[in-house]
Amino acid sequence: MKFYRVNADCDGAPYFGTLSEAQAEARNVAKTSFDNIEVLQVEIALDKTNVLRLLNVSGGAETTVGVVFIAAAKRKKGN
């Protein structure tokens, strides 16, 4: 299954079911960010082994396909 993750520098980065939802969140986060915010496309396999990883919160359950959108940071870094 295909999902999207907003790659903000925080634990528990949110996942979204549609690209448009992820883009809206990335733009919102970028308003107060010094860094660009990426939206990554991720794939989640639904085989038994992977579902067990998800249920056990073991990690490694997703495969990152790549960056599909970048929201430009709205704040500038000072000198």
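Pairs please, first residue from region 8-24 and within 20 Å of LYS74 (Cα to Cα) and aliphatic (A, V, I, L, M), second anywhere and in a helix (DSSP H, G or I) and at pLDDT below 95, Cβ atoms under 6 Å, 6+ apart in sequence or on different chains. Listed pairs, sorted by first residue: ALA8/VAL29. The conditions of being surrounded by 15 or more Cβ atoms within 10 Å (Cβ to Cβ) and over 9 Å from the mean Cα position of the chain (by Cα) are met by ARG27. Only residues that are part of a loop (DSSP other than H, G, I, E, B), at pLDDT 90 or above and surrounded by fewer than 13 Cβ atoms within 10 Å (Cβ to Cβ) were counted in region 37-79, giving 4. Residue check: SER33 meets all listed conditions (1) crowded, with 17+ Cβ neighbours inside 10 Å; (2) assigned to a strand (DSSP E or B); (3) of a type in the set (Ser, Thr, Tyr) but one, namely (2). With the condition kept exactly as written, say whether any residue in region 7-27 is under 15 Å from VAL67 (Cβ atoms), touching an Asp or Glu at 6+ places or on another chain (Cβ under 6 Å) and of a type outside the set (Val, Ile, Thr). Looking through region 7-27, at least one residue is under 15 Å from VAL67 (Cβ atoms), touching an Asp or Glu at 6+ places or on another chain (Cβ under 6 Å) and of a type outside the set (Val, Ile, Thr).
The values are calculated or read from the model by the stated rules, or taken from the named source; none is laboratory data. Keep in mind it's a predicted model, so treat the numbers as computed, not measured. Glycine gets a Cβ as well: all are built from the backbone with ideal geometry, and neighbour counts include every protein chain shown.
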